Structure formats: C-alpha cells, structure tokens
1. Averaging over all projection directions, find the projected area of the Cα convex hull of the range 24-79 and quote it in nm² with one decimal place.
2. Straight-line reach only, C-alpha to C-alpha below 17 angstrom: list the lysines that residue 6 could link to, leaving out same-chain residues fewer than 8 apart.
3. Within the set of other residues whose C-beta is less than 15 Å from the C-beta of residue 57, count the net charge using Lys and Arg as +1 and Asp and Glu as -1.
4. Kindly express, to the nearest 10 degrees and within the range 0 to 90, the angle between helix 64-78's C-alpha long axis and the longest C-alpha principal axis of the chain.
5. Ignoring everything except DSSP H segments at least 4 long, calculate the 222 nm mean residue ellipticity for the chain; use -39,500 (n - 2.57) per segment, divide by total residues, nearest 500.
6. Among residues other than residue 66 whose Cβ falls under 14 Å from its Cβ, what is the net charge (Lys/Arg +1, Asp/Glu -1)?
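Please treat every number below as a calculation from the coordinates, not as lab data. Just so it is clear, the structure is predicted and the values come from calculations on it, not from any experiment. Cβ sites come from the backbone with ideal geometry, for glycine too, and all protein chains shown count toward neighbours.
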Amino acid sequence: MSGPAKSKIEIKNVKVYLHKKDSSTNSRIMHIDIESEELNDIIKNKEATYCAGKPGGVFIGLKKKMIERAEKFVKEKED
C-alpha cells in the first residue's frame with residue numbers, strides 16, 4: 001500500500017539520492033542511497049537485506065535482528 005496508514009510510522013529527515021558512477025566518491029556503479037540516522041539504527045552498516053519495487057515505491061524487507069531493532073524503534077515512537 002502506498003501513502004499514509006494507521007499501521008505506518010513516518011521516518012523524518014530521510015535523504016534519497018540517485019548516485020551516479022563517480023571516481024571521486026569511489027562509486028563504481030549507479031545506485032540509490034537512502035540516508036537516515038534512524039534507518040541506520042534498524043539496518044546496521046554492512047548488513048544486507050532484500051529490496052523490491054512495489055506500486056508507488058520500494059519495499060525493503062527486514063531480517064530477524066533488523067525487525068527486533070525496528071520494533072524497539074516503534075515502541076520508542078509510540079510512547
């Protein structure tokens with residue numbers, strides 16, 4: 001589902017970039033960067049997960065440890 005819903009928590013201050021191939025940044029292939037301190041609390045540096053397109057955007061699946069961290073994030077936001 002795209003757009004707001006009761007079961008969705010908006011993550012603020014997220015920056016998304018289409019990063020072109022660039023030797024000055026060591027970018028070897030074009031890719032998408034999603035930058036957010038809050039997302040880094042859920043998906044840690046060097047962790048890999050699954051991503052797929054969906055109507056209206058992109059879906060990023062979370063592994064068990066990531067889900068545990070996401071649940072902690074949700075609890076803090078809802079308190």
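1. Numbers: hull surface 21.4 nm².
Result: a mean projected hull area of 5.4 nm².
2. The qualifying lysines are 75, 77.
3. Counting the neighbours of residue 57, the net charge comes to +1.
4. For helix 64-78, the angle is close to 60 degrees.
5. Values: 2 runs with 21 residues, N = 79.
Here the helix-only value at 222 nm equals -8000 deg cm²/dmol.
6. Values: positive: 44, 46, 63, 64, 65, 69, 72; negative: 38, 41, 47, 68, 71.
Net of charged neighbours comes to +2.
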